[in-house]
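**Q** Following this message is one structure expressed as structure tokens.
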Amino acid sequence: MKAFFRLACSTFVVALVVCATAPASGQSQQPPARGQTAGRGAQAAPPAPPKAKAGHPSGKLVIWGDTSLFVGGGQPDNCIVTNRFKRGQRLGFRMAAFDGGTGDPENTAVLVAHVNFRGTTIDVPMRFRGAPDPADPAPHPNNYLKPISNLWTGWWRVPDDAPTGTLSYTVTATDQFGRTATFEPFSYNTSQLFIVE
């Protein structure tokens, strides 16, 4: 019995050491190679911070945006502006960030949407869709009417067991100059996010 107890304790200690020194799930993974996706329902790691634009900062950091349905490129309802989502749908956040003094996009801003769900705040990192270097031309993906120079996007999939009702959210931004900004939807009840049947 003593031998069994020592073996069990030794096994527990070894497992504890292995778990304590191993990286948490997903932390040791490299971002997908260019042209690959991070997997179904996963968002790719954000790229390296972009270069600052000449003349920035010269005013406050200003952000604004909306929510829309993200169902995938080429789908007729993709990017339809809405605040009502069904279970299983992807709630998309689309934001813009500006240098308040120049009115130019603040391409160094890092934006995160914060969804309040079941008493927990879920952080949704957002990806800058413009050119990382202001000297480079802005990308012009299919179905966009003009090149993208000031767009951050992120999404959260509404859980299948989400209760119907109102959700609140905010979006925060910080740029490389230390400026911060917070976006909140209008306080009117029907301006909030809704989970519907």
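Read-outs throughout are calculated quantities, based only on the coordinates presented, and are distinct from any laboratory measurement. All figures in this text were calculated on a predicted structure; none of them were measured in a lab. Don't worry about glycine lacking a Cβ; one is built from the backbone with ideal geometry, like all the others, and counts go over all protein chains shown.
**Q** Given the conditions (1) within 25 Å of residue 137 (Cα to Cα); (2) in contact (Cβ under 8 Å) with a residue 60 or more places away in the chain, which single one is not true for residue 85?
**A** All conditions are met except number (1).
**Q** Also, quick follow-up: Only residues that are of a type in the set (Gly, Ala, Ser) and more than 22 Å from residue 182 (Cβ to Cβ): list them for region 60-91, please.
**A** Restricting attention to region 60-91, the residues satisfying the condition of being of a type in the set (Gly, Ala, Ser) are 65, 68, 72-74, 88.
Residues satisfying the conditions are 72, 73, 74, 88.
**Q** Then there is this: If you check 75, 89, which single one turns out to be polar (S, T, N, Q), over 15 Å from residue 128 (Cβ atoms) and buried (at least 17 other Cβ atoms within 10 Å of the Cβ)?
**A** Details: 75 fails: buried (at least 17 other Cβ atoms within 10 Å of the Cβ).
Unique residue meeting the criteria: 89.
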